[in-house]
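Trainee: Let me give you the structure first, and then I'll get to my questions.
The values are calculated or read from the model by the stated rules, or taken from the named source; none is laboratory data. Being a predicted model, the structure only gives us computed values, none of them experimental. Here Cβ is always computed from backbone atoms with ideal geometry, including for glycine, and neighbour counts include all displayed protein chains. SASA here: full protein model, heavy atoms, side chains in, ligands and nucleic acids out. Shrake-Rupley method; radii C 1.70, N 1.55, O 1.52, S 1.80 Å.
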There are 2 protein chains.
Amino acid sequence: VSWSRAGVVELDRVDPLAQYRRRFVIDDDALVYLDGNSLGRLSIDTRDRVVAALDQEWGHSLISSWEDRWLDLPTRIGDLLGTTLLGADTGEVVVNDSTTIALYKAVAAALDARPHRSAVVIDEDNFPTDRYVVASLAEQRGLDVRWIPEAGPEGVAVDAVVERLDDDVALTVLSHVDYRSAAILDIDAITKAAHEVGALALWDLCHSVGVVPTDLHASDVDLAVGCTYKYLSSGPGAPAFTYVRRDLQAQLRQPIWGWFGRADQFEMAPGYEPSPGIASWLTGTPGILSLVAVEPSVALVAEAGVESIRRKSEKLTALAVDLYDQWLGDLGWTLQSPRDPARRGSHVTVSHPAARQAMADLVELGVIPDFRRPDGIRLGLAPLTTRYTDVYDGLQRLASVTPTRS
Amino acid sequence: VSWSRAGVVELDRVDPLAQYRRRFVIDDDALVYLDGNSLGRLSIDTRDRVVAALDQEWGHSLISSWEDRWLDLPTRIGDLLGTTLLGADTGEVVVNDSTTIALYKAVAAALDARPHRSAVVIDEDNFPTDRYVVASLAEQRGLDVRWIPEAGPEGVAVDAVVERLDDDVALTVLSHVDYRSAAILDIDAITKAAHEVGALALWDLCHSVGVVPTDLHASDVDLAVGCTYKYLSSGPGAPAFTYVRRDLQAQLRQPIWGWFGRADQFEMAPGYEPSPGIASWLTGTPGILSLVAVEPSVALVAEAGVESIRRKSEKLTALAVDLYDQWLGDLGWTLQSPRDPARRGSHVTVSHPAARQAMADLVELGVIPDFRRPDGIRLGLAPLTTRYTDVYDGLQRLASVTPTRS
């Protein structure tokens, strides 16, 4: 395929999701924003909801908003997210804390549920905070961390996990979509393999939620954690979600006991008694101005539908790969993402020795991708706001700023 | 003293802090809001800052705001708070996570720094989440928790702490101001006693920060944690602060390792290496919409000055006690706060068998205090927004809804 800009304009014209871009705050329509997987754009609904939380709920209604509006947000938003985007039931997802804190609680709870096992399987490709959380618990508990080596553009293979599994493994900690390559891991096969040795499977959904469909029940996932500020567009550092399969909830107890996770919280009674169900995964008072943003943001993704979003995402990344072939390969760039769209999440990473300078030059030309040290440029394609022409213009400008080989 | 409303109006007229009320969003001037210690009011500066974070920083500037505006917020706001309100230096305070998470990290780090000691001293009067955090770590590590029994209106006495201290105690966990009685604990004497047996002293400043001056250096405090949503008016569930005395920072290592606490965060390198200094107490991505609210809120308190705030606070609570004597004592109410203003924080608690019904009736009359089960009404007096006439009107209406004894 060789793409012309006119051909790409036509893709936008017939895009069934094109209308969603108008639901976002976009004051510079010419900006080519290709970093929606680091920070998703602000929707108008979300903007309005945060302002209402400020003015009406906090400013006007003051303390009464806790009971009237805020106390049930972590579980109410969890239910919305779980049932519309994760393939979970109500009562299995809660939204609270940062992704790092959520991971810490989930890993610790899983380890406690397998007290006679001392190994954790995780990959060197995993997002840093996942690795660091496991490292902290490994140091505290003397764990055997079984590292899967970096796997390159195609991501961690099922076999690489399986060969590290035995009956000393308590837990696997893997990301559904790799944060650099965008490789989609085989969540079904890996979860099944973990279960075959009696281990629990924890999945980090940060780079898949809202853009790659997941069915946590069908995949038999035990625990999942993810952030809401990428494809869910819930704002910088928006709180994370935690999924705990219902039949595990009685066995898994998270380690940080706080007043929001206690049964009969406002009795303020002596001793700790966890709330029933998923609410026991709460700890402290949630940051409401951040939390309120999640609900309308998730609702917008759910309205568009993750299956439709996935269809556009595959087309967007396929276009990026086509344009890589058309322009970038000959300029010394290397594709660091899978070629098979079915194996690829919603970003495409390319690398080049001159990537750092190219990144700076791109910003000057009104293109915002994400630089990944040492030499990667990550193009995050968010189907509700990224146009096909953004991909075309972004990659054309990337080609234009690449030094030609002398 | 017998107060007339005219006398109280005069107090407002000459109040040097009266002007600050106009800096807050107050759309119903008749509302008697006496719960500023549960949720402080929204200031105009804070409102504007959050809207700017939404519209300009997130909506317009997108990902570039991380580097330009957000990354250093936890330490920058920590420095502001530490140097203006806590008696700390720059580099000793960080703002992030919920109070519960901050407490968990601080207690765990202190226990790790005293590995051969197994006891913690804490009081039954302490705020629930402090007690639950200690209980979770006690269960995980088999600690000996030495509970100081409930101490009543005068709060925990120094002797009650001292008699539980010995060389097996790793840590004391106490609140500077009791959340029910408002009793101010003797932070200097208790910290000194803890140090004499080689224990660390952790102080919860939730009910003192911004209204009762603290000088953490002068008091030789090791660790302190506090919330920012009470007298600091930073919004519902606004992030907490953590203080770690500089000379302890090399010894104390918090247990939840995440990417925001790692040296050279964006290298995303293997292995965990903590950031130097107080930044090692960060963990995950902070919730920016909640975090940005803290800076202007703290700045406003610092502008008014905590010494001036304390002077008005003492007068407000003294007026409340006078009016209790004038109206409530004979109606069967009991004062549950210290009579000595120097021993009292900025709230006053009264109890009565019919308190629950009185609370409901007060709300109908436009008065918002805080009900504390089983039979307490807590009157939180926030000097930047609470008028002397609010105290008068609130207590007069409380008297009016109290059933007369038959």
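Trainee: Share of chain B's accessible area from carbon and sulfur, percent, 1.4 Å?
Mentor: Of the solvent-accessible surface of chain B, carbon and sulfur hold 49 percent.
Trainee: What is region A:113-178 by shape, rounded, prolate or oblate, if you read a ≥ b ≥ c off the alpha carbon gyration tensor as root eigenvalues and call it rounded for a/c under 1.5, prolate for a/b larger than b/c, and oblate otherwise? Each step should come with its number before you reach the end.
Mentor: On the way: a/c = 2.39, a/b = 1.40, b/c = 1.70.
Oblate, because a/c is 1.5 or more while a/b does not exceed b/c.
Trainee: What ³J(HN,Hα) values, in whole Hz, does the Karplus curve 6.51 cos²θ - 1.76 cosθ + 1.60 give for region A:326-335 when θ = phi - 60°, with x put for Gly and Pro?
Mentor: Along region A:326-335, the couplings run 5, 10, 8, x, 6, 8, x, 7, 10, 6 Hz.
Trainee: Which residues of region B:52-70 end up with at least 30 Å² less accessible area in the presence of all protein chains than when their chain stands alone, using a 1.4 Å probe?
Mentor: B:LEU54, B:ASP55, B:TRP58, B:GLY59, B:HIS60, B:LEU62, B:ILE63
Trainee: Here's a follow-up. How large is the dipole of region B:39-157 about the Cα centre if only Lys and Arg carry +1 and Asp and Glu carry -1, each at its Cβ, rounded to the nearest 20 debye?
Mentor: Values: 11 positive and 20 negative charges, 44 e Å.
Charge dipole, region B:39-157, about its Cα centre: 200 debye, nearest 20.
Trainee: Based on the Cβ-Cβ distance of A:SER118 and A:LEU248, what FRET efficiency does E = 1/(1 + (r/R0)^6) give at R0 = 22 Å, to the nearest 0.05?
Mentor: 0.65
Trainee: Of the beta bridges DSSP finds with both residues in chain B, what % are antiparallel, to the nearest 5?
Mentor: 50 percent
Trainee: Report Rg/Rh for region B:166-217, rounded to two decimals, where Rg is the Cα radius of gyration and Rh the Kirkwood radius.
Mentor: So for region B:166-217, dividing Rg by the Kirkwood Rh gives 0.99.
Trainee: Going out from 0 in 10 Å bins, what whole percent of all Cα-Cα distances in region B:1-142 drops into each bin?
Mentor: 8, 21, 27, 24, 15, 4, 0
Trainee: If you take the accessible area of A alone, add that of B alone, and subtract the area of the pair, what total do you get in Å², probe 1.4 Å, to the nearest 100?
Mentor: Chain pair A/B: roughly 6000 Å² of buried accessible area.
Trainee: Can you list, shortest first and in nm, the gaps between the label point of B:ARG5 and those of its counterparts in the other copies, using a point 7 Å from Cα in the C-beta direction?
Mentor: Nearest first, the other copies' label points are 7.3 nm away.
Trainee: If you don't mind, there's one more thing I want to ask. Along the positive direction of the dipole of the protein assembly as shown (beta-carbon charges: Lys, Arg +1; Asp, Glu -1; about the Cα centre), which of A:GLN396, A:TYR272, A:GLY226 reaches farthest?
Mentor: A:GLN396
Trainee: Could I ask something else about it? If Lys and Arg each add +1 and Asp and Glu each add -1, what is the summed charge of the other residues whose beta carbon sits under 14 Å from the beta carbon of A:ASP72?
Mentor: So the surrounding residues net to -3.
Trainee: How much length is gained on full extension from A:ASP89 to A:ILE26, taking 0.36 nm per residue of separation minus their Cα-Cα distance?
Mentor: Here the segment from A:ASP89 to A:ILE26 would lengthen by 19.3 nm.
Trainee: If you take the charge dipole of region A:310-392 about its Cα centre, with +1 on Lys and Arg Cβ and -1 on Asp and Glu Cβ, which of A:GLY380, A:LEU323, A:ALA358 is farthest toward its positive end?
Mentor: Farthest towards the positive pole: A:GLY380.
Trainee: What's the center-to-center distance, using Cα atoms, between region A:361-401 and region B:45-113 in Å?
Mentor: 31 Å
Trainee: Using the alpha-carbon centroid of each, what span in Å lies between region A:178-222 and region B:260-317?
Mentor: Centre-to-centre distance over Cα atoms comes out at 35 Å.
Trainee: Report the equivalent ellipsoid semi-axes for the protein assembly as shown in whole Å, largest first, defined as the square roots of five times the eigenvalues of the gyration tensor built from alpha carbon atoms.
Mentor: For the protein assembly as shown, the ellipsoid semi-axes come out as 48, 30, 23 Å.
Trainee: Would you mind getting me the FRET efficiency between A:GLU139 and B:GLU139? Use the beta-carbon distance for r and R0 = 30 Å, nearest 0.05.
Mentor: 0.90
Trainee: So, one more: Over region B:298-406, one equal point on each Cα, no solvent: what is log10 I(q)/I(0) by the Debye formula at q = 0.20, 0.22 Å⁻¹?
Mentor: -1.01, -1.18
Trainee: Now a separate question. Please compare each pair in B:LYS105/B:LYS312; A:LYS105/B:LYS192; B:LYS105/B:LYS230 to a cut-off of 26 Å on the Cα-Cα distance and tell me which ones are over it.
Mentor: Pairs exceeding the cut-off: B:LYS105/B:LYS312; A:LYS105/B:LYS192.
Trainee: Moving on to the next point. What value, in deg cm²/dmol to 500, does the helix sum -39500 (n - 2.57) over DSSP H runs of n ≥ 4 give at 222 nm once divided by the residues of chain B?
Mentor: -9500 deg cm²/dmol, from helical runs alone.
Trainee: So what is the relative contact order of chain A, in percent, for Cα pairs below 8 Å that sit 6 or more residues apart? Spell out each step's value before the answer.
Mentor: Working: 812 pairs, mean separation 96.6, N = 406.
The normalised contact order for chain A reaches 24 percent.
Trainee: In terms of the ratio Rg/(2.2 N^0.38 Å) built on C-alpha atoms, what value belongs to region A:169-280? Please report the intermediate quantities before stating the final value.
Mentor: Numbers: Rg = 16.0 Å, N = 112, 2.2 N^0.38 = 13.2 Å.
Cα Rg divided by the expected 2.2 N^0.38 Å: 1.21.
Trainee: By DSSP, what percent of the beta bridges with both residues in the protein assembly as shown are antiparallel, rounded to the nearest 5? Don't skip to the answer; put the middle values down first.
Mentor: Numbers: 42 of 82 bridges.
The antiparallel proportion sits near 50 percent.
Trainee: Continuing with this model, one more query. Any idea how far apart B:GLU364 and A:ALA6 come out in nm if each label point goes 7 Å out from Cα toward Cβ?
Mentor: So the two model labels end up 7.6 nm from each other.
Trainee: While we're on this one: For chain A, what does the accessible surface come to per residue with a 1.4 Å probe? Please give it in Å². Please list the in-between numbers first.
Mentor: Working: 13670 Å² over 406 residues.
Roughly 34 Å² per residue, with all protein chains present.
Trainee: Taking the Cα-to-Cβ direction at B:TRP147 and at B:SER61 and moving 7 Å from each Cα, how far apart do the two end points lie in nm?
Mentor: Each label point is offset 7 Å from its Cα along the Cβ direction, giving 5.0 nm.
Trainee: Related question: Quick one: if the Förster radius is 25 Å, what FRET efficiency do A:ALA18 and A:THR404 give, using the C-beta to C-beta distance and rounding to 0.05?
Mentor: Numbers: r = 35 Å, r/R0 = 1.42.
The computed FRET efficiency comes out at 0.10.
Trainee: Need one word for chain B: rounded, prolate or oblate. Basis is the Cα gyration tensor (sqrt eigenvalues a ≥ b ≥ c); a/c below 1.5 gives rounded, then a/b vs b/c decides.
Mentor: It is oblate, given that a/c is not under 1.5 and a/b is not larger than b/c.
Trainee: Sticking with this structure for a sec: Once you charge only the Cβ atoms, +1 for Lys and Arg and -1 for Asp and Glu, what is the size of the charge dipole of the protein assembly as shown about its Cα centre, to the nearest 20 debye?
Mentor: Working: 76 positive and 116 negative charges, 182 e Å.
For this selection, approximately 880 debye.
Trainee: Mind listing P(r) for region A:77-225? All alpha-carbon pairs, 5 Å bins, whole percents.
Mentor: Here the calculated profile for region A:77-225 is 2, 10, 21, 24, 22, 14, 6, 1.
Trainee: Which of the listed residues, B:SER181, B:VAL145, B:GLY261, is farthest toward the dipole's positive end in region B:143-294, when Lys, Arg count +1 and Asp, Glu count -1 at the beta-carbon?
Mentor: Comparing the listed Cα positions along the dipole, B:GLY261 ranks first.
Trainee: Report, for A:GLU139, each distance to the same residue's label point in the other copies, shortest first and in nm; define the point 7 Å along Cα→Cβ.
Mentor: Distances between equivalent label points, in nm: 2.6.
Trainee: Now, a different point. Over region B:226-322, how many percent of alpha carbon pairs lie in each 10 Å bin up to the one with the longest distance?
Mentor: 14, 30, 31, 16, 7, 2, 0
Trainee: How big is the charge dipole of region A:305-406 about its Cα centre, in debye rounded to the nearest 20, if each Lys and Arg gets +1 on its Cβ and each Asp and Glu gets -1 on its Cβ?
Mentor: 300 debye
Trainee: Under the 0.36 nm per residue contour assumption, what length would be gained going from the current alpha-carbon distance of B:SER275 and B:GLU163 to full extension?
Mentor: Taking 0.36 nm per residue and subtracting the Cα distance, the gain is 36.5 nm.
Trainee: List the distances, in nm to one decimal, from the label point of B:ARG76 to the label points of the same position in every other copy, shortest first, placing each label point 7 Å from Cα along the Cα-to-Cβ direction.
Mentor: 3.4
Trainee: Can you pull out the trypsin sites (Lys or Arg not before Pro) in region A:328-406 that DSSP calls coil and that have at most 11 other Cβ atoms within 10 Å?
Mentor: A:ARG405
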